[in-house]
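Shown next, in structure tokens, is the structure this report addresses.
Derivation of every value follows stated rules applied to the coordinates shown; laboratory data play no part. Since we're looking at a predicted model, the values are computed, not measured. Virtual Cβ from ideal backbone geometry, glycine too; neighbours counted across all protein chains shown.
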Amino acid sequence: MGNILVIGDPGSGKTRLIFKYISDYDKIVWVTTIKSAERVRKELGQFNFRELWVVDTHTWQRRATHTKYDVVVSNPLNLNEVSLSVGKVLDNVKRDYFLAFDSISGLLLYHHAPKVIQFLRNLVVRLESEGGRGIFTLVKNAHDVHTETSVSLIFNNILQLERIFDGESVKRLVKVIRASRYIEPEISEFKIASNGIELNPSLDAFIKEELKR
């Protein structure tokens, strides 16, 4: 299977969850719809990847600060161009790559849900056929229930991150919405620390195993 959908509000820890597992891989493809390629590379500066490709659908135009491994989609309003750009990068990395797609919600700003869902379905099928694995993110409550449900149907593993504010303290929860196999507990607390994100050991092991399948 090798892919996971992470749903959560802005600031709930979706991107940090990707950071927790991305260091286990040498070839990274990062598709950004909400940040520039330069910002993504700055945030990933702590890692030492053999290959880091960034597909930038946020910037709209190539700049001098982009690298040869940055593919800038000049017209994100054209989903075919987005698809071709992602496909071009995957053709280069070939197999055994990690795909970070942050975020599906960025595409849904410009495109009708059925087209985005078809694009995602094709991408997930390609990952499975090429031995790739990936984590996709979706902003909770940014879309209608039908759209969120339709996107969710593509993925066998879905996690939902939540923040609960209690006075001056914050409680963070991760819920297993769907899993390809049984996992317990289905709801657990997690913490975000300066050195990363801390998950329940059983959930941590589950995610690692699923990404390697």
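Among Y110, Y97, Y21, the ranking by other beta carbons within 10 Å of each residue's beta carbon, starting with the fewest, stands as Y110, Y21, Y97. Distance from the Cα centre of the stretch 98-150 to that of the stretch 157-213, in angstrom? Answer, in whole Å: 20.
For the chain, the mean residue ellipticity at 222 nm estimated from helices alone is -10500 deg cm²/dmol, where every DSSP H run of n ≥ 4 contributes -39500 (n - 2.57) and the total is divided by all residues, rounded to the nearest 500. Computed from backbone phi with θ = phi - 60° and the Karplus coefficients 6.51, -1.76 and 1.60, the 3J(HN,Hα) list for the stretch 174-183 is 10, 10, 8, 7, 8, 9, 6, 8, 5, 9 Hz; x is used for glycine and proline.
Hey, fewest Cβ within 10 Å first, where do W30, W60 land in order? List each step's numbers first, then the result.
Values: W30 26, W60 13.
Ascending Cβ contact count within 10 Å gives the list W60, W30.
Its residue count N fixes a reference of 2.2 N^0.38 Å for the stretch 104-185, and the Cα radius of gyration divided by that reference is 1.27. Taking θ as phi - 60° and the Karplus parameters 6.51, -1.76 and 1.60, the scalar couplings of the stretch 200-213 work out to 4, x, 5, 5, 4, 5, 4, 4, 4, 5, 5, 5, 9, 6 Hz in sequence order, x denoting glycine and proline. With all pairs of different C-alpha atoms in the average, the Kirkwood value for the hydrodynamic radius of the stretch 3-212 is 17.5 Å.
Which entries in the list K20/K94; K14/K140; K27/K115; K14/K171 go over 20 Å, if you measure between the two C-alpha atoms of each? Write out the running numbers ahead of the final one.
Numbers: K20/K94 23 Å; K14/K140 11 Å; K27/K115 28 Å; K14/K171 15 Å.
Distance filter (> 20 Å) returns K20/K94; K27/K115.
Under 5 Å from the amide H of L52 lie the amide H atoms of I28, each residue being 5 or more positions distant or on a separate chain, with H modelled from the backbone and absent for Pro and chain starts.
Measuring nothing but how far apart in sequence close Cα pairs (under 8 Å, 6+ apart) lie, relative to its length, the chain scores a relative contact order of 27 percent. The Rg/Rh ratio of the stretch 16-97, with both radii computed over alpha carbons and Rh defined as the Kirkwood radius, is 0.95. So what's the angle, to the nearest 10 degrees on a 0 to 90 scale, between helix 113-130 and the longest Cα principal axis of the chain? The two axes meet at around 90 degrees.
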